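Below: the structure, in structure tokens.
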Amino acid sequence: MSRPFEQRAHRALSMVARDQEQAHLSAAFDHARNEQATVVLVSGEPGIGKTRLIQEFLKSHQDDATIIEAVCYSDIVHPLAAMQSALQRISEFSAPGWDEALGQAQLSSFIRSRGDSGTNADSAEDVRRTIDRITVLLQTLAESQPVIVSMDDAQWASEPDLELVRYLLRSPRDTPILVILGYRDTDIDPRGALQQLIRDAYRESTVERIALKRIGEHGARQLIGAILDSAAHTIARPLAQAIQQEAEGVPFFIEELVLHLHESGSLRREGKTWMIANKAEIDIPQSIHGVVTSRLMALSEEAQKTLSIGAVYGRTFPLDLIVDVAQRIESSSPEEVAAQLDEALSRSLIVENHAGPDVRAQISYAFAHDQIREVLTRDLNAIRRRILHQAIAEALEEHGNPAEPGYDAALAYHFGNGEDIARASQFAERAGDQDARLGAFFQASTHYSTA
Ligand SMILES: Nc1ncnc2c1ncn2[C@@H]1O[C@H](COP(=O)(O)OP(=O)(O)OP(=O)(O)O)[C@@H](O)[C@H]1O
Ligand SMILES: [Mg+2]
């Protein structure tokens, strides 16, 4: 049976050049297990390997810890969203002590709720009560075995999600809870809630810091080797240097460059050595944007269009929705859409999402990396962008599930960007109401001001 991790966009290659950081994480876990709740800050620029490092660590503890994996998204803003979906995921598996802890914390309705009945009045007090209960839940779970709470992309966490981390760190001594916060230190607001939490954590609890640095030539060569195929091959020095010169040790950039060179026929293998096929013709894009663009341009035009629907929708996108929108604006058939998505899958631009053990769950896809989505949306012209938002909003309105968390907010957002102001206001108002009922006063004020 698969584990309650969210299957994230990373390829199953071996990890390189992070031995020290892995040891550091293990030491922090030991400290949490033997002494007190501890937080590890895993920071670094986009594509440096934060998610990868965290995922490898979680994988290595799936048998001796209860893992709560919260992921924050730039476009999912409702309060406690990250925690709610992490708890929903784990509730489908029987973690040791789960039923008892759940009963004690009285959280069943919050976990079951799809965004409306978690709590029932509109005050800061209700948010705080929910945070309290989640804290009790996690502390009770920690009586059975250590708990690891991972919150990735925490630069996008809602304030209540961060408040919860604060509560966890104040757990009594001997509560084995390890919190891992992964975040882009390039994107963090110096006056924002995350920065504040980090500052306070230093004062009040055990903080470990892992600032990921770019990898050196040796690591880059290993990574290139792993991407091209097994370790049985060596990488010619000029090839490694050419890649490293542009990618400068950012693993995401290295990966994309290698895939680009490989797909464009710029590499050849001689015996056991990979090298540049024809030096005169080699085209090495000089930015991540450039290399991702080249890889996207290698897709058929139809596949590019289909992917751009997904990109406007979100980091992950359900197949049904893409089929529906593609039919509305491109008159594509479901078979055509499936073939286009296969094209993108075979080039590792997207990955298929496995939505836990529920076989009825619908198929969805995720971009292999956020930056692929960013390039797609940045390069869209304004008119097409508007058309896509409008079509997505209409598809959601017709076939979406209004009980999904964030449904009204998503409709408000897409209608708003589709410039259908009347319907955007209508949904913004409902999103405001719904969040208010959730006790999410932080967010409610923003939706109301849009309305
Ligand atoms: N040490 C490593 N060894 C092998 N592959 C790596 C390593 N670090 C990162 N990668 C790969 O590089 C890509 C980018 O890494 P990752 O997604 O972890 O970056 P990130 O820091 O989380 O970026 P973002 O801030 O955009 O979320 C992934 O495909 C990942 O598997
Ligand atoms: Mg990441």
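Amide H contacts for THR66 (H built 1.01 Å from N in the peptide plane; partners 5 or more residues away or on another chain; cut-off under 5 Å): VAL147, ILE148. Per residue, the range 304-402 exposes an accessible area of 46 Å² to a 1.4 Å probe, with every protein chain left in place. What would the Debye equation give as log₁₀ I(q)/I(0) for the range 19-211 at q = 0.08, 0.10, 0.14, 0.18 Å⁻¹, counting only Cα atoms as equal point scatterers? Debye intensities relative to I(0), on a log10 scale: -0.23, -0.37, -0.75, -1.29.
Both radii come from the Cα set of the range 220-304: Rg as radius of gyration, Rh as Kirkwood radius; their ratio Rg/Rh reads 0.96. Share of carbon and sulfur in the accessible area of the range 299-380 stands at 46%, probe radius 1.4 Å. Near LEU87: Cβ cut-off under 12 Å, other residues only, Lys/Arg at +1 and Asp/Glu at -1. The net charge is 0. Across the range 299-380, C-alpha contacts under 8 Å between residues 6 or more apart give a mean separation that, scaled by the residue count, equals a relative contact order of 36 percent. Taking amide hydrogens as placed 1.01 Å from N in the peptide plane, the amide H of ALA37 sits under 5 Å from those of ASP174, THR175, ILE177, each at least 5 positions away in sequence or on another chain. Considering only GLN241, LEU58, ASN34, the residue lying farthest towards the positive end of the dipole of the chain is GLN241, judged by Cα position with unit charges set on Cβ. If R0 is 56 Å, the Cβ-Cβ spacing of GLU263 and ARG112 corresponds to a FRET efficiency of close to 0.80. From the Cα gyration tensor of the range 271-333, with a ≥ b ≥ c the square roots of its eigenvalues, which class applies: rounded if a/c is under 1.5, or else prolate if a/b is larger than b/c, or else oblate? Note, shape of the range 271-333 comes out prolate.
About the centre of its Cα atoms, the chain shows a dipole size close to 1020 debye [charges on the beta carbon of Lys, Arg (+1) and Asp, Glu (-1) only; nearest 20 debye]. P(r) tail, the range 210-360: Cα-Cα pairs separated by more than 20 Å, 57% of all pairs. Summarising the strand pairing of the chain, around 30 percent of its internal DSSP beta bridges are antiparallel.
Counting only other residues whose beta carbon sits under 10 Å from that of ALA240, what net charge do I get with K and R as +1, D and E as -1?
Local net charge: +1.
For the range 313-396, the residue among ASN381, ALA326, GLY314 whose Cα projects farthest onto the positive side of the dipole built from Cβ charges is ASN381. Scalar couplings 3J(HN,Hα) for the range 192-200, obtained by applying the Karplus form with A = 6.51, B = -1.76, C = 1.60 to θ = phi - 60°, are x, 5, 5, 4, 4, 4, 4, 4, 5 Hz; x denotes Gly and Pro. Rounded to the nearest Hz, the phi-derived 3J(HN,Hα) couplings of the range 340-345 under the Karplus curve 6.51 cos²θ - 1.76 cosθ + 1.60 (θ = phi - 60°) are 5, 5, 4, 4, 5, 4, where x marks glycine and proline. Taking Cβ atoms as reference points and 12 Å as the exclusive limit, the residues near HIS414 contribute a net charge of -3, counting Lys and Arg as +1 and Asp and Glu as -1. Given +1 at the Cβ of Lys and Arg, -1 at the Cβ of Asp and Glu and no other charges, the dipole of the range 217-286 around its Cα centre is 360 debye to the nearest 20. Remark: spin-label model distance GLU302-ILE383 equals 2.3 nm, labels positioned 7 Å along the Cα→Cβ axis.
With the simple model of a label 7 Å out from the Cα in the direction of the Cβ, SER74 to GLN145 spans 3.7 nm.
Is the shape of the range 299-380 best called rounded, prolate or oblate, per the rule: a/c under 1.5 gives rounded, else a/b larger than b/c gives prolate, else oblate, with a ≥ b ≥ c the square roots of the Cα gyration tensor eigenvalues? Display every interim value, and only then the final one.
Details: a/c = 1.59, a/b = 1.15, b/c = 1.38.
It is oblate, given that a/c is not under 1.5 and a/b is not larger than b/c.
Residues whose amide H comes within less than 5 Å of that of SER332, counting only those at least five positions distant or on another chain, are GLN327 (H built at 1.01 Å from N in the peptide plane).
For the pair ASN401 and SER94 in one chain, pulling the backbone fully straight at 0.36 nm per residue adds 107.8 nm over the alpha carbon distance. Working note: Karplus 6.51/-1.76/1.60 with θ = phi - 60° gives the range 149-160 the couplings 9, 10, 10, 8, 6, 5, 5, 10, 5, 6, 4, x Hz, where Gly and Pro are set to x. Got the relative contact order for the chain handy, in percent, Cα pairs under 8 Å and 6 or more residues apart? The normalised contact order for the chain reaches 20 percent. Rounded to the nearest 20, the Cβ-based charge dipole of the range 19-211 about its Cα centre (Lys and Arg +1, Asp and Glu -1) stands at 200 debye.
What does the C-alpha gyration tensor say about the overall shape of the chain? Classify as rounded when a/c is under 1.5, otherwise prolate if a/b is larger than b/c, or oblate.
It is oblate, given that a/c is not under 1.5 and a/b is not larger than b/c.
Once the 1.4 Å probe is applied to the protein heavy atoms, the range 217-286 comes out at 49 Å² accessible per residue.
Using alpha carbons only, the radius of gyration of the range 361-420 set against its Kirkwood radius gives Rg/Rh = 1.00. Using a simple spin-label model with pseudo-atoms 7 Å out from Cα toward Cβ, ILE363 and HIS289 lie 3.4 nm apart.
The values are calculated or read from the model by the stated rules, or taken from the named source; none is laboratory data. Here the structure is a predicted model, which is why all the values come from computation and not from measurement. Cβ: placed from backbone, ideal geometry, glycine included. Neighbour counts: every protein chain shown. Calculation scope for accessible area: heavy atoms of the full protein, side chains included, ligands and nucleic acids excluded. Shrake-Rupley method; radii C 1.70, N 1.55, O 1.52, S 1.80 Å.
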